[in-house]
Structure formats: structure tokens, C-alpha cells
């Protein structure tokens, strides 16, 4: 891989670290702290949040008809999402053990905490719970599949791919067949569990 690509990957990693720091600063700005999986707000902030809450009936009255009509289609997606969650989990617990690949921690991707916000009514909390689950399943599945791709086929595509996973940029170039088998083994070795991995 070229030094320019490595340099760009390093810049992306530094920007991701800066983003994490900005989020930590936001915790202080909005007066909350994390205690395990629970979010703790200061009492004055909790009271302010409760005053902002819109009750369900007025909230429904202000909703657009098109939003209400889409509800059955949105919530029906829970079936394929739950199926994907189940099958991806089974897949990685079976195959990743066989390949000696570190398993993906589901809880790192499926984060449902927005229902703890007291300025949301019951419907809004449920919607936030649903979206956190759905997007989490997609992110979790993507990482499981990214590790699978790294194990079996760590080669970039000839065409540009929109929205590649974070492992993709380090893959071998399309058409770069020099020492292919040895390099595939190196990519596999990098997937082995480290201390503290599942």
C-alpha cells in the first residue's frame, strides 16, 4: 500500500479521535455523564427536559398524515432486522470460532439509550429505541461481514464503492497479485483474537 494511502488513513483515524473528544465535551455541555449504560443528568436539566415534553395526544395531532400512514411499513422492518440480527450472531459464533477470528461485540453497535431522555414522549422513545436497534443491527452486520471479507477476499474492487467499511482501505489493490496468498494469510492473522477479545 502506498505511503500516501497510509497517510490518509492515519489522518482519518486522528479525525475520528477528535470526534470522540468533541462528544466528550458535549457531555459536559449538556450536563450529563455516563454510568455504565445509564445516562445521568443533573436534576435541573431533568426538570427542564420534563417541561419540554409534548404529550402523546397533542403530538399525534401535530403529526403529518404521511408520517402516520408510513408507520406500518416502518415497524414491519423489525422482522427482517431481527432475523438479520439472529442469523449474523449465529454465523459469527460458529464461523469466527472455526476461523479463529475475533468476534464482534454486538453491544458496541446496538446502542439504545435515547429512550432515557425525559423530554421525549412514549411514542418518540419507542421510535428512538427502534432506530437505535435497526441502525445498530446494520452496523453490527457490516462489521461481521467486513471481517469475513478480510478473511476471504481482502481485495479492493476495480470500480469505486460508495460507503466502504473501515477495513476496506487497507485491502490489496485490484490487480495487485504479487504475493497474494501470503498477504491473504497476513490479513487473516490480523483478525485473530487479542487479549480481551471474545
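The values are calculated or read from the model by the stated rules, or taken from the named source; none is laboratory data. Source: prediction; values computed, not measured. Every residue, glycine among them, receives a Cβ derived from its backbone with ideal geometry; neighbour counts consider all protein chains shown.
Residue count for segment 55-102 under the criterion of being within 23 Å of residue 131 (Cβ to Cβ) and not in a helix (DSSP H, G or I): the result is 5. Hey, residue 39 hits all of (1) at pLDDT 85 or above; (2) closer than 20 Å to residue 131 by Cβ but one; which does it fall short on? If we test residue 39 against (1) at pLDDT 85 or above; (2) closer than 20 Å to residue 131 by Cβ, just (1) comes out false. Quick one: in segment 146-171, of everything that is in a loop (DSSP other than H, G, I, E, B) and touching a strand residue (DSSP E or B) at 6+ places or on another chain (Cβ under 8 Å), which residue is farthest from residue 105 (Cα to Cα)? In this case the residue turns out to be 156. When segment 78-118 is filtered for residues that are free of Cβ contacts under 8 Å to residues at least 24 places away in the same chain, surrounded by 14 or more Cβ atoms within 10 Å (Cβ to Cβ) and over 17 Å from the mean Cα position of the chain (by Cα), only 115 remains. Among residues of segment 59-73 being surrounded by 10 or more Cβ atoms within 10 Å (Cβ to Cβ) and over 28 Å from the mean Cα position of the chain (by Cα), the one that is farthest from residue 125 (Cα to Cα) is 63. Of the residues examined, residue 137 is not one that is under 21 Å from residue 84 (Cα atoms) and assigned to a loop (DSSP other than H, G, I, E, B). Would you check if there is a residue in segment 131-153 being in contact (Cβ under 8 Å) with a residue 60 or more places away in the chain and more than 30 Å from residue 37 (Cβ to Cβ)? Checked against the condition, which is being in contact (Cβ under 8 Å) with a residue 60 or more places away in the chain and more than 30 Å from residue 37 (Cβ to Cβ), segment 131-153 yields no hits at all. The residue that is surrounded by the fewest Cβ atoms within 10 Å (Cβ to Cβ), among those in segment 12-54 that are in contact (Cβ under 8 Å) with a residue 60 or more places away in the chain and in a loop (DSSP other than H, G, I, E, B), is 37. Listed conditions (1) within 17 Å of residue 118 (Cβ to Cβ); (2) in contact (Cβ under 8 Å) with a residue 40 or more places away in the chain; (3) under 24 Å from the mean Cα position of the chain (by Cα) are all met by residue 9, apart from (1).
Filter segment 140-198 down to the residues that are over 25 Å from the mean Cα position of the chain (by Cα) and crowded, with 16+ Cβ neighbours inside 10 Å, then identify the one that is nearest to residue 3 (Cα to Cα). Applying the filter and picking the extreme gives 183. Restricting attention to segment 172-189, the residues being modelled with pLDDT of 95 or more and part of a loop (DSSP other than H, G, I, E, B) number 0.
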